[in-house]
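Engineer: Following this message is one structure expressed as structure tokens.
The values are calculated or read from the model by the stated rules, or taken from the named source; none is laboratory data. Predicted, not measured: the structure shown is a model, and the values here were computed from it. When we count neighbours, we look across all protein chains shown, and the Cβ atoms used for this are built from the backbone with ideal geometry, even at glycine.
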Amino acid sequence: MMEPNRNIAIVQKRQEEFLTDKQVIDYYEFRKKFLTHLLRMGKNPNKAKGYSPYTVKGTADRTARFDLWRWKNRGGYNIPPDQDDASAYMNEIAFWDVADSTKGKKMEALLRYSKWLQRAFNHDEWEFEWTFQSGGGNSGPRDFLTREERQQIRQAALKKDGNPSYGVSEEDLPDGGRHNSWKFTSLVWVSLDAGLRPVEVGKARVSWCDTENGVLRIPREESSKNEGNWTVSITDRTATALDRWLAERAEHPRYDDSDKLWLTRHGNRYGSNELSRILKDLCERVDIPHEDRQMSWYTIRHSVGTNMTKERDLAATKAQLRHRNAKTTMKYDQVPVEDRRDALDKMG
């Protein structure tokens, strides 16, 4: 393995001061692989084209600051970082009193970090609730589904599901077994109502479900931000779909030793990559264009925030999306001019 450029610090002094000698050695080997990858092939792995030493130096500094932040704020030294670490960091960065371009460069560095972790450890690529451009531009929520698109996605999910004939493998069933199952319908509809983050879809458990009262009860130790217990509303229609899935799930041997609400066909929990593929597939089924949009599972979440704010208020959005800080909810306070004009007309 080649050595990173001598001007690029593999372990920074401020990190050495925080870590033990053994941790420094462990982290050095981890970072050396990351930075070498950036220099050799980070820009285009298929063509073995790396970033310039100048770019790698900036990325090294920003990701080192991120690592140090998470060690100080999220339980001490550990590698590698995960989606929760990155999301928590960017949610804090979002409210720094600095230029959007500065925030954008930090996010850009984390995305490079994520791509390497995906390649080296088969991790899901990180996704963020915010959009910041490294060259400037306004910050705000990622793209979102319109009301019409939400309805189309909801209908498309009804046609995606599989047959609950569990005596044989899904691969041996016609059309891959997709006929009458409520799995995808419940997963998509619950996300459309609750605005589940990708990590929350993966963590979701049967014990969260209270279909009789039409709510999800997410306990503190399992919530994505680990800040407190949440009671999240779902519609009667979604509660019915979820109830059907719970009954179906109870007959599926894949779930015999698991309390996970949804598992992939390989018995793993869902991650951001799988969920993005599901959403794009649903879009294609109903001809919703997505090639030129930032279409990810967060698109669903932001459709909840945008439309909830429009229909109710920021307080309702904060509760439904489980925001700890009201400032996070403020990004949805972007009521269109024509809607504000209509409100003024109604006010007299």
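Engineer: Quick check on this structure: which one of T102, T63 is β-branched (V, I, T), within 24 Å of the chain's Cα centre (by Cα) and closer than 17 Å to Q12 by Cβ? Show your work before the answer.
Structural biologist: On the way: T102 fails: closer than 17 Å to Q12 by Cβ.
Only one candidate passes the filter, namely T63.
Engineer: What about G76, is it among the small types (G, A, S), outside any helix (DSSP H, G or I) and more than 22 Å from the chain's Cα centre (by Cα)? Talk me through it step by step, then tell me what you get.
Structural biologist: Working: among the small types (G, A, S): yes; outside any helix (DSSP H, G or I): yes; more than 22 Å from the chain's Cα centre (by Cα): yes.
Judged against the criteria, G76 is a match.
Engineer: List the number of the failed condition for G228; all other conditions in (1) farther than 17 Å from L192 by Cβ; (2) at pLDDT 90 or above hold.
Structural biologist: (2)
Engineer: Return the residue satisfying two criteria in turn: it lies in the range 279-300 and is without any contact (Cβ under 8 Å) to a residue 40 or more places away in the chain, out of contact with any Cys (no Cβ under 9 Å at 6 or more places or on another chain) and not in a helix (DSSP H, G or I), and of such residues it is nearest to S186 (Cα to Cα).
Structural biologist: First, pick out the residues of the range 279-300 that are without any contact (Cβ under 8 Å) to a residue 40 or more places away in the chain: 280, 284, 287, 289-292.
Those left that are additionally out of contact with any Cys (no Cβ under 9 Å at 6 or more places or on another chain): 280, 284, 287, 291-292.
Among the residues that remain, those that are also not in a helix (DSSP H, G or I) are: 287, 291-292.
Working: D287: 22, E291: 26, D292: 28 Å.
Looking at residues that are without any contact (Cβ under 8 Å) to a residue 40 or more places away in the chain, out of contact with any Cys (no Cβ under 9 Å at 6 or more places or on another chain) and not in a helix (DSSP H, G or I), I get D287.
Engineer: Here's a follow-up. Please list, ordered by first then second residue, the pairs with beta carbon atoms under 6 Å, 6 or more apart or interchain, first in the range 171-199 and over 30 Å from F128 (Cβ atoms) and in the same structural domain as G271 (by TED's automatic domain parsing), second in a helix (DSSP H, G or I) and at pLDDT 90 or above.
Structural biologist: W182/A241; W182/R244; W182/W245; W182/E248
Engineer: Among what's in the range 140-190 and is under 16 Å from S276 (Cα atoms) and modelled with pLDDT under 85, pick the residue that is surrounded by the fewest Cβ atoms within 10 Å (Cβ to Cβ).
Structural biologist: Here the residue is D143.
Engineer: Follow-up question, since we're still on this one. Looking at the range 117-131 only, could you name the residues that are in contact with a Leu (Cβ under 7 Å, 6 or more places away or on another chain) and either within 16 Å of T63 (Cα to Cα) or modelled with pLDDT under 85 (or both)?
Structural biologist: Of the range 117-131, the ones in contact with a Leu (Cβ under 7 Å, 6 or more places away or on another chain) are 123, 126.
Once the filter is applied, which keeps residues that are in contact with a Leu (Cβ under 7 Å, 6 or more places away or on another chain) and either within 16 Å of T63 (Cα to Cα) or modelled with pLDDT under 85 (or both), the range 117-131 yields only W126.
Engineer: Restricting attention to the range 10-42, which residues are crowded, with 16+ Cβ neighbours inside 10 Å and part of a loop (DSSP other than H, G, I, E, B)?
Structural biologist: Answer for the range 10-42, where residues must be crowded, with 16+ Cβ neighbours inside 10 Å and part of a loop (DSSP other than H, G, I, E, B): I10, V11, Q12, L19, G42.
Engineer: When you go through S276, S303 one by one, which is the residue that is part of a helix (DSSP H, G or I), within 18 Å of the chain's Cα centre (by Cα) and modelled with pLDDT of 85 or more?
Structural biologist: Unique residue meeting the criteria: S276.
Engineer: Taking the range 232-273 as the search range and keeping residues that are assigned to a loop (DSSP other than H, G, I, E, B) and of a type in the set (A, V, I, L, M), which one is surrounded by the fewest Cβ atoms within 10 Å (Cβ to Cβ)?
Structural biologist: Checked the range 232-273; the qualifying residue surrounded by the fewest Cβ atoms within 10 Å (Cβ to Cβ) is A250.
Engineer: Considering only the range 84-105, how many residues are touching a residue at least 40 places away in the same chain (Cβ under 8 Å) and of a type outside the set (A, V, I, L, M)?
Structural biologist: The initial filter retains those residues of the range 84-105 that are touching a residue at least 40 places away in the same chain (Cβ under 8 Å), namely 84, 86-88, 90-91, 94-95, 105.
Remaining after also requiring of a type outside the set (A, V, I, L, M): 84, 87, 91, 95, 105.
Within the range 84-105, residues that are touching a residue at least 40 places away in the same chain (Cβ under 8 Å) and of a type outside the set (A, V, I, L, M) number 5.
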